[in-house]
Amino acid sequence: MTKDNKRKGMKTIKCMNHDPENSKWGEYAPEDGPCLETMDVDERTDRALCWRCTSRSVSMVKSFRAD
C-alpha cells in the first residue's frame with residue numbers, strides 16, 4: 001500500500017525501536033542501529049513494534065545484526 005492508496009482510518013508510524021534508548025523494547029532493536037521499519041496502523045494507535053522486533057522479543061534474541 002502506498003501513502004496515496006491508504007485505507008481510511010489508517011496512518012503510518014515508525015517502529016518503537018526507531019529510538020531504542022527510549023523504547024520499552026529497545027533491547028530487541030537491531031544491533032547496527034535503530035529500526036527503520038514503518039507500518040500502517042489504525043489512526044487511534046500511538047505506538048507499535050514492527051514484526052522484526054516482535055519476532056526478536058518472542059525468540060529472546062537480543063543484539064541482532066541484519067547481514
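For region 24-40, 3J(HN,Hα) computed residue by residue from phi via the Karplus equation (6.51, -1.76, 1.60; θ = phi - 60°) reads 4, 10, x, 5, 9, 6, x, 5, 8, x, x, 6, 9, 5, 10, 8, 8 Hz, glycine and proline entered as x. Stokes-Einstein diffusion for region 3-59, with the hydrodynamic radius set to the Kirkwood value over Cα pairs and evaluated at 20 °C in a medium of 1.002 mPa s, equals 181 µm²/s. Normalising the average separation of contacting C-alpha pairs (under 8 angstrom, six or more residues apart) by the number of residues puts the relative contact order of region 3-59 at 40 percent.
Every read-out reported here was derived from the displayed coordinates using simple, explicitly stated rules and does not represent laboratory data. What you see is a predicted model, and the numbers here were worked out from it, not measured in a lab.
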